[in-house]
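A quick write-up on the structure given underneath.
The values are calculated or read from the model by the stated rules, or taken from the named source; none is laboratory data. Worth saying up front: this structure is predicted, and the values here are computed from it rather than measured. Every residue, glycine as well, gets a Cβ built from its backbone with ideal geometry; the counts of neighbours run over all protein chains shown.
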Amino acid sequence: MGSLFFVFILLICFTPSSALAGHNDINILSKLREAVTEGKGFLRDWFDSEKSPCSWSGITCVENTVVRIDLSSVPIYAPFPLCVGSFQSLAHLNFSGCGFFGELPDALGNLHSLEYLDLSHNQLTGALPVSLYGLKTLKEMVLDNNFFSGQLSPAIAQLKYLKKLSVSSNSISGAIPPELGSLQNLELLDLHMNALNGSIPAALGNLSRLLHLDASQNNIHGSIFPGITAMANLIIVDLSSNALAGPLPREIVQLQNAQSLILGYNGFNGSIPEEIGELKLLEELELPGCKLTGIPWTVGSLRSLRKLDISGNDFNTELPASIGKLGNLTLLYARSAGLTANIPRELGNCKKLVFVDLNGNSFSGPIPKELAGLEAIVTAALPEGRRVAVKRLHGGHQFQGDREFLAEMETIGKQSTRVFGYSLTSLSYGSVTSSLHSVHGRRRSRRPPATPPPLPSSFHRSPNPSILCCFAYDDEGVGIHQQGRCLGLAPLLV
């Protein structure tokens, strides 16, 4: 009897710990299966008695030790499984989009080998457990789209290897902890759509490897923190929809790698700094809903720019003609921006434009004929108080233009607008209404009329938003009847 006991002790002492852990992980997988029975229809092999647990979908083992669990997008809709914290060798855990609810267990802090954690798109609640900050091997933590509350703990400084921290779309409150600035390996920081307040700590300027910073849609106030200019590797910056104030710092020019600069819906004042033109890689500049009063000529130096949004400002100046140098610009939003004087004809040089909104400004003078050559839908306010949109129709031949026009009419007719008619006529570069010829139905005219009749009285009496369409022709100095090249569809919106 004594000898048998001695052999038993020897077996325990000399059995590899990995083998013991593997046997334990198989038992824990059985417990996990019991916790996810609601997803049985999507995890059928989990409930096949002939299948080894390490061969179940979403499970990766090394010698019966679980190292990876990925059940992303499996609809389970159950309480968060407590047993997950027992997988001591787990390096990768992805429960994204599983519908788990409840609070996270403190036992998650036992996953000392964890490098990747994604619990996004669930219904998890409560504060983040302090034990979570003890996962010192963690490289990515993604907790987006849950109902987490409470504050980010200063203990987050322990996550020295963290490269990605994303907690967007939760209810996390309080100030941004300065300790975040000690995470020297951080490349992505996404805090948007929470209830964070206070100012952005200058310590974030220590994040020299940061590529993506998003703290939009919070209650952050103060100025753009001085440390941002030290983050030279930033590619995307989104601080929109906060309560930031003061001028845009000239030092922003130091963000030489920036491709997206999204700062709208704050309380900034003063002018857009002239130095903005030195951001040669910038593709997206969004400054809507601020109190900016000046737009520099140097904006035309942003040759990589694809989207410019300066709507809702108080510029009280003209749109710089240098905007015509933005050859890659596809979207221009300048609604209610306080712009005055003429619409610059140089805008017609931006051949890649697909949409332009110039409504709600105080432009004077004619609509530049150069706009008729754009691919874009260009909207603008007229002195008469109406709005006009001009869209180029492809095809140099008149009949091809007719076919495209009818296709446009069918598309418009499916929308919640009322179409009164159309005509083939010349585009007046002064008052658009003076050149409109309304024809009820779809009667075509091969040549534009010499003297367009006035608009029908029914158009003025209509209580509903309406569209009156006309073809736009440009004689290019040759004569409309001789050239006959279709350049645009011009709906008139009232």
Exercise. Answer with yes or no whether T293 is more than 20 Å from G222 (Cα to Cα), over 25 Å from the mean Cα position of the chain (by Cα), of a type in the set (S, T, Y) and not in a loop (DSSP other than H, G, I, E, B).
Key: no
Quiz item: Which residues, counting only those in the range 252-276, are assigned to a loop (DSSP other than H, G, I, E, B) and more than 17 Å from the chain's Cα centre (by Cα)?
Solution: L255, Q256, N257, N266, I272, P273
Quiz item: Could you list, in sequence order, the residues of the range 130-157 that are surrounded by 18 or more Cβ atoms within 10 Å (Cβ to Cβ) and either assigned to a helix (DSSP H, G or I) or over 28 Å from the mean Cα position of the chain (by Cα) (or both)?
Solution: L132, Y133, L135, I156
Quiz item: In this structure, does L117 turn out to be farther than 20 Å from P178 by Cα and under 29 Å from the mean Cα position of the chain (by Cα)?
Solution: yes
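Yes or no, residue by residue, for (1) of a type in the set (A, V, I, L, M, F, W, C); (2) in the same structural domain as L329 (by TED's automatic domain parsing); (3) modelled with pLDDT under 95:
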position: I224; (1), (2), (3): yes, no, yes
position: G227; (1), (2), (3): no, no, yes
position: M231; (1), (2), (3): yes, no, yes
position: I236; (1), (2), (3): yes, no, no
position: A243; (1), (2), (3): yes, no, no
position: P247; (1), (2), (3): no, no, yes
position: I272; (1), (2), (3): yes, yes, no
Quiz prompt | Residues located in the range 258-300, provided they are over 24 Å from T340 (Cβ atoms) and surrounded by fewer than 16 Cβ atoms within 10 Å (Cβ to Cβ) | solution = K280, L281
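Could you check the range 158-169 and list, in sequence order, the residues that are in a loop (DSSP other than H, G, I, E, B) and either surrounded by fewer than 22 Cβ atoms within 10 Å (Cβ to Cβ) or modelled with pLDDT under 95 (or both)?
Of the residues in the range 158-169, the ones in a loop (DSSP other than H, G, I, E, B) are 159-163, 167-169.
Passing the criteria: K160, Y161, K163, S168, S169.
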Quiz item: Residues of the range 37-70 being without any contact (Cβ under 8 Å) to a residue 24 or more places away in the chain, of a type in the set (D, E, K, R) and farther than 23 Å from G97 by Cβ, which ones?
Solution: D48, E50, K51
Quiz item: Here are some conditions: (1) surrounded by fewer than 22 Cβ atoms within 10 Å (Cβ to Cβ); (2) touching a strand residue (DSSP E or B) at 6+ places or on another chain (Cβ under 8 Å); (3) not hydroxyl-bearing (S, T, Y). V237 meets all but one. Which one does it not meet?
Solution: (1)
